[in-house]
Amino acid sequence: MSEDLLSRLGLSVPVVQAPMAGGATPPAFIAECLRLGLLGSLGAAYMKPDTIAAQAAEIRARASGPLNINLFLPCAVPPAPGVVEAMLDFMAPLHAEAGLAPPHVPDPPHPDFAGQMEALRAARPEMASFVFGCPDAGLVAALKAEGIIVVGAATHLAEAEAVAAAGVDAVVAQGAEAGGHRATFIGSFEAGQVPTLDLVARIAGRLDIPVIAAGGLMDGVDVRAALDAGAAMVQIGTALLRTPECGLPAAHRDALGAGAGATTALIREWSGRAARGLPNRFTRAVEDAGLAVPPFPVQNAITQALRGKGRAVGDPDRLALWCGTGYSRAKAVPLADVVAEMLFEAGLTSPNH
Ligand SMILES: Cc1cc2nc3c(=O)[nH]c(=O)nc-3n(C[C@H](O)[C@H](O)[C@H](O)COP(=O)(O)O)c2cc1C
């Protein structure tokens, strides 16, 4: 199964550069991953269709190799009455303090999924991966008919069974350790926190589609353990976040280095959906206020301006500091060095490769 997936992708190593929406992976970063022999992923969830088209074209122009385009499936639920107004009232003094205009909910709060799908199909990626739900069987069949490998994501067995039943070619097993948003779509986020190696073994033991392990894979020893647990491929996110090629603001990268003692948590305050990262002054303030957080994507849209300010002025208390549990092992060295060391340690390349 693993061989089949790799040969369809034209890859010689079973490693996926994780999709990471929000600026961590500019086209030059993804192109470098392709040159290093990885499957590159464009985390396109927050992009308008023309940005998806432009970034995919730029990656193709810079390097050859297989490309995955990743989107969030629509998952909006209407906020309860009064919740948005209370959050805007809470945010108003934070905006004033930051020198920003009063907070509001941008309309639309998230790019239109149909438009994003059109851009994805036009870009003809080798793979399309989806999170935050079970992709519709009709959509999966249509993409497969166009020669695109389709991947869903699961945080426990019932979700893996659901995406497999929809016809996907492979499933990402997102373990509890993973940085960023949880893929959970059945049951609570807390219940969907299975450690990566257990999750991989459980899913690989039950389903006959390839499993892509994601979460806490920080070095070659971790990668080898995931492959030995039954993964066909591994997906690496946090281990790449401190590389100079990464597009994260310096304040975010520095926080991962400086905060090596802090523990990551499931955070809802920035986006309205549980995501793993480091708590900061903003997340603690919302928590202390005891406020109900509007659901994704509304809260994500409300906090967009404050995060933009955090990026502009380099303030880690105004940034969503996404990272996985293993962040203190992320190295501030070039991508090529992280990848070469990881592959060698995992026994996936010769020392002279
Ligand atoms: C900054 C950041 C952004 C992320 N954005 C996305 C995303 O847009 N889509 C997605 O499917 N997963 C996203 N993830 C999850 C990664 O694809 C991957 O599953 C995770 O990073 C693996 O765990 P690790 O961070 O411990 O390596 C994100 C993770 C991080 C750290």
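The listed residues are 8, 35, and the only one of them that is of a type in the set (Lys, Arg) and in contact with a helix residue (DSSP H, G or I) (Cβ under 9 Å, 6 or more places away or on another chain) turns out to be 35. Screening 22, 65 for residues that are on the phi > 0 side of the Ramachandran plot, out of contact with any Pro (no Cβ under 7 Å at 6 or more places or on another chain) and without any contact (Cβ under 8 Å) to a residue 60 or more places away in the chain leaves exactly one candidate, 65. When region 234-291 is examined, which residues are found to be within 15 Å of the ligand (Cβ to nearest atom), basic (Lys, Arg) and not in a loop (DSSP other than H, G, I, E, B)? If the condition is that a residue be within 15 Å of the ligand (Cβ to nearest atom), basic (Lys, Arg) and not in a loop (DSSP other than H, G, I, E, B), then 253, 276 are the ones that fit. Scanning region 160-189 for residues that are away from the ligand (no atom under 13 Å from the Cβ), within 27 Å of residue 24 (Cα to Cα) and among the acidic types (Asp, Glu) returns a single hit, 169. Per the conditions (1) small (Gly, Ala, Ser); (2) touching a residue at least 40 places away in the same chain (Cβ under 8 Å); (3) within 15 Å of the ligand (Cβ to nearest atom), the sole criterion not satisfied by residue 192 is (2).
Restricting attention to region 21-39, does a residue exist that is away from the ligand (no atom under 16 Å from the Cβ), at pLDDT below 95 and under 22 Å from the mean Cα position of the chain (by Cα)? Within region 21-39, none of the residues are away from the ligand (no atom under 16 Å from the Cβ), at pLDDT below 95 and under 22 Å from the mean Cα position of the chain (by Cα). Give the residue, chosen from 208, 198, that is in a loop (DSSP other than H, G, I, E, B), open to solvent by 30 Å² or more (accessible area, probe 1.4 Å) and either among the aromatic types (Phe, Trp, Tyr) or over 19 Å from residue 327 (Cβ atoms) (or both). Criteria check complete, one pass: 208. Among the numbered conditions (1) out of contact with any Ser or Thr (no Cβ under 7 Å at 6 or more places or on another chain); (2) within 14 Å of the ligand (Cβ to nearest atom), the only one that residue 17 does not meet is (1). Out of all the residues in region 304-330, which are out of contact with any helix residue (DSSP H, G or I) (no Cβ under 6 Å at 6 or more places or on another chain) and open to solvent by 50 Å² or more (accessible area, probe 1.4 Å)? Hits for region 304-330 are 304, 311, 312, 313, 322, 325, 328, 329.
Reported count of residues in region 155-179, each being in contact with a Pro (Cβ under 9 Å, 6 or more places away or on another chain), more than 15 Å from residue 211 (Cβ to Cβ) and crowded, with 20+ Cβ neighbours inside 10 Å, is 2. For region 35-73, a tally of residues being under 17 Å from residue 342 (Cβ atoms), open to solvent by 10 Å² or more (accessible area, probe 1.4 Å) and either outside any loop (DSSP other than H, G, I, E, B) or polar (S, T, N, Q) (or both) returns 1.
The values are calculated or read from the model by the stated rules, or taken from the named source; none is laboratory data. Computed from a predicted model, the values in this text were never measured in an experiment. All Cβ positions, even for glycine, are placed from backbone atoms using ideal geometry, and neighbour counts span all protein chains on display. Side chains included, ligands, DNA and RNA excluded: accessible areas come from the protein's heavy atoms. Shrake-Rupley method; radii C 1.70, N 1.55, O 1.52, S 1.80 Å.
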